[in-house]
1. For region 76-118, run through the trypsin sites (Lys or Arg not before Pro) and keep only the ones in DSSP coil with at most 16 other Cβ atoms within 10 Å of their Cβ.
2. Take residue 125, project a point 7 Å from its Cα along the Cβ direction, then tell me which residues of region 53-69 have their backbone nitrogen under 20 Å from it.
3. At a 10 Å Cβ-Cβ cut-off, how would you order 111, 19, fewest neighbours first?
Amino acid sequence: MSVPEQLDWDVVRNRAAQIPEAAFQFVREGLGHTVKSIQAQGADTMATDTPRHVTGQQLCFGLRDLAIERYGKLAGTVFRRWGVRRTDDFGVMVYALIDRGEMKRSDGDSIDDFHAVYDFEESFAGPDSLEPAHS
């Protein structure tokens, strides 16, 4: 059993204040996209009308896939413009949305679930990286 993290909400709020609302909207949409993607892969064992918990890692990959789908080769540019440069920034946005009451977390969730899930430079650079990775 791990020791619960001591999340510094002030740090989350301060970092989140630097990220534009468009990025938060993308994360909200990305959550729905990720849930649908997981269900389509048959990984969802719950009824479709039951909310599905998504891990931080799953959400990061869902956001990656949605960004590539939506923005193509410009996905990295869009994220850089928003000031989102690593998967940890997704965690900041998710925890800011939790703080606002727009998302929920379960007891096992941690902001560390978003730490270094993948490298942005590798994921959003070049045509070979632009295939959605369903992980």
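1. 85, 100, 104, 105
2. Residues 61, 64-65, 67-69 fall inside that zone.
3. Numbers: 111 20, 19 17.
By the 10 Å Cβ count, ascending, the order reads 19, 111.
All of the numbers you see were taken from the coordinates with simple rules; none came from a lab. Bear in mind that the values here come from a model prediction, so they are computed numbers and not experimental data. Backbone-built Cβ (ideal geometry, glycine too); neighbour counts: all protein chains shown.
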